[in-house]
Structures are given as structure tokens and as C-alpha cells.
1. Pull out all pairs, ordered by first then second residue, where Cβ-Cβ is under 7 Å, the residues are six or more apart or on different chains, the first lies in segment 151-172 and is in contact (Cβ under 8 Å) with a residue 40 or more places away in the chain, and the second is of a type in the set (F, W, Y) and open to solvent by 50 Å² or more (accessible area, probe 1.4 Å).
2. Does L57 satisfy the criteria of being in a loop (DSSP other than H, G, I, E, B), open to solvent by less than 70 Å² (accessible area, probe 1.4 Å), at pLDDT 60 or above and hydrophobic (A, V, I, L, M, F, W, C)?
3. Checking the structure you have, find out if any residue of segment 81-99 is modelled with pLDDT of 55 or more and either within 24 Å of the chain's Cα centre (by Cα) or of a type in the set (A, V, I, L, M, F, W, C) (or both).
4. I'd like to verify a number: residues in segment 145-156 that are touching a helix residue (DSSP H, G or I) at 6+ places or on another chain (Cβ under 6 Å) and either farther than 15 Å from G172 by Cβ or open to solvent by 80 Å² or more (accessible area, probe 1.4 Å) (or both), how many?
5. Which one is nearest to N112 (Cα to Cα), of the residues in segment 141-160 that are touching a strand residue (DSSP E or B) at 6+ places or on another chain (Cβ under 9 Å) and of a type in the set (K, R)?
6. Answer with yes or no whether T71 is hydroxyl-bearing (S, T, Y), open to solvent by 100 Å² or more (accessible area, probe 1.4 Å) and at pLDDT 70 or above.
Amino acid sequence: MSAPASRALRRCVCTARANGYTRPAMGAAQQRIQRRWASDAPANPKIATIVDQISQLTLLETADLVSSLKTRLNIPDMPMGGFSAGPASAAPAAPVEEEEAAPAAAEKTLFNLKLEKFDAGAKPKVIKEIKAMLGLSLVDSKKFVESAPKMMKEGVPKEEAEKIVETLKALGATVAME
């Protein structure tokens, strides 16, 4: 709003208030909305104290808290984002694999699945399976399959990865576990 228009608006509001204008009463819906947003604190006092304590942590302490919760609750590290779309997203994945490979030389538990190739006759079946597995639209799953070799999923547990490989192998596709 331009300066003269905002000044005129302020004058109108001031004049209306000076003449005794009061705002009309709020409706029930507006009152509910105001009540809902009036309180930022959770209803449970235990949660409110936890939120207060967490908000006072430093960034390093918060990172330690997150890692502690992941280990205690057995939550795997999930990659952020969706599909890798070329060399730009492949570069950050390499250091993660190196970090995991160095300390944990025993056995790898999380795998990346890559669609290598597929039989031409099995293309419709593979597209349907990719659509169901990744939650893509039919058009997106068709483009995904046609752009093979391409990374399907990252950070998949061993059992689930083996099931996916067997399912796609039965349909006529070749999937690599990395």
C-alpha cells in the first residue's frame, strides 16, 4: 500500500474510533479459532516441560539428543529427499557410504536398490510394480523404468531389499543391491 493510502486508512480508523465505533461481536467460529491459537503450550504438562527443556538446548546438544533417541528407539537413518536425479545428488551419498563402511566393517544392514535393466516384454509388469512400490503416477513410473539404470530406493533394510529384488527379478527386471 502506498504511503498516502496507508495514511488515509489510518485517519479513517482513528476517526471511526473517535466517533465511538466498536467492532461487531465475533461469531462462534471466530472465537473457536482464537481459542485454538491463543495457547501455544500443549495440553499435557509433562510434554510442556519437555518442550521447554528441549528449546533451551544448544545445537550440539540437540544433535546428541536426536542421535540418542535414534539409537534407543532403533530408528534407522533415512535419506532426505526423493529419488536421486543425476550426479548432483550422487556426490553426497558417497561420503555417507564411506563413513558407514569404515566403522562398521562387520555386516551392512542398509542397502541402495538400483534398477539396472528389464526385459522388453516385461516392461508393463515392471512399470506397475514400480508404481505400487514407489507410489508414483503411471506416467512417472513409466519414465522411471525407461530411464534405467536408475536408483530406486536408498537406505533399505536387508530383508526388504531382498524381497524387492526377488519380486522384480520374477517380473524380468535386474536390480542391484549396493
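The values are calculated or read from the model by the stated rules, or taken from the named source; none is laboratory data. Computed from a predicted structure; not experimentally measured. Virtual Cβ from ideal backbone geometry, glycine too; neighbours counted across all protein chains shown. We work out accessible area using only protein heavy atoms, side chains counted, and drop any ligands, DNA or RNA first. Shrake-Rupley method; radii C 1.70, N 1.55, O 1.52, S 1.80 Å.
1. M151/F83; G172/F118
2. yes
3. No: segment 81-99 contains no residue that is modelled with pLDDT of 55 or more and either within 24 Å of the chain's Cα centre (by Cα) or of a type in the set (A, V, I, L, M, F, W, C) (or both).
4. Residues flagged as touching a helix residue (DSSP H, G or I) at 6+ places or on another chain (Cβ under 6 Å) and either farther than 15 Å from G172 by Cβ or open to solvent by 80 Å² or more (accessible area, probe 1.4 Å) (or both) within segment 145-156 amount to 0.
5. K153
6. yes
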